[in-house]
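The values are calculated or read from the model by the stated rules, or taken from the named source; none is laboratory data. Treat the numbers as computed from the prediction; the structure is a model and nothing was measured. So basically every Cβ, Gly included, is an ideal-geometry build from the backbone, and we count neighbours across all protein chains shown.
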Amino acid sequence: MKTVQFILISAVTLLFTSISANAQNYKTQFPSKMDNDGSIKDSLGTTFITISKDSIIKNHLGQKIAFIDRSGNLVDKNGKILGKAAKNGDFHNVDGQVEFTVKDTKDGAYCEVYDKTGKHVLTVPANYKKQASTMAYIHRQQYMLPFKK
């Protein structure tokens with residue numbers, strides 16, 4: 001009986017430890033920084049998401065997951081509109097609510113993206129200002145989903 005209790009307690013402890021570690025890993029990813037080549041990397045330096053010069057967004061496996069059309073709409077790989085980037089760089093969801101805002105840094109070389117609670121979530125080079133909040137939205141969505149291989 002004591003062996004069964006020990007195994008059960010060990011299993012529950014291991015479960016809660018792994019959940020806690022995973023949650024902490026997610027939190028440590030923010031704020032993130034985009035490189036000049038349009039890639040966002042995780043804490044280990046592995047490319048997580050990229051955006052090409054023609055606004056195609058790819059996941060960590062190099063698969064197209066979304067793109068930004070000429071009107072600034074974020075469109076997923078199935079053609080569904082997920083939201084839209086405003087001319088100032090802010091991202092509005094499909095309901096028109098602002099999800100992310102963009103502010104220039106003092107030196108003007110970068111832009112910082114903030115979520116609707118005011119938390120700094122992403123820093124991007126100034127030449128990606130129009131795509132900055134869209135990339136923050138994709139980054140958040142990708143971290144909320146488990147990696148698919």
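A few comments on the model shown:
- Criterion: at pLDDT 90 or above and surrounded by fewer than 19 Cβ atoms within 10 Å (Cβ to Cβ) - qualifying residue of V102, V98: V98
- First in region 94-120 and outside any strand (DSSP E or B), second anywhere and of a type in the set (S, T, N, Q), Cβ under 9 Å, 6 or more apart: T105/T123; K116/Q97; K116/T101; G118/T101
- Flag for N78 being loosely packed, with under 12 Cβ neighbours inside 10 Å, without any contact (Cβ under 8 Å) to a residue 12 or more places away in the chain and assigned to a loop (DSSP other than H, G, I, E, B): yes
- Some residue of region 57-66 being in contact with a Gly (Cβ under 8 Å, 6 or more places away or on another chain) and without any contact (Cβ under 8 Å) to a residue 40 or more places away in the chain: no
A quick yes/no check of all residues on (1) at pLDDT 75 or above; (2) out of contact with any strand residue (DSSP E or B) (no Cβ under 8 Å at 6 or more places or on another chain):
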site	(1), (2)
M1	no, yes
Q24	no, yes
S39	yes, no
G45	yes, yes
S55	yes, no
N59	yes, no
F67	yes, no
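- Looking only at region 117-149, and only at residues there that are at pLDDT 85 or above and touching a helix residue (DSSP H, G or I) at 6+ places or on another chain (Cβ under 8 Å), the one that is nearest to N93 (Cα to Cα): M135
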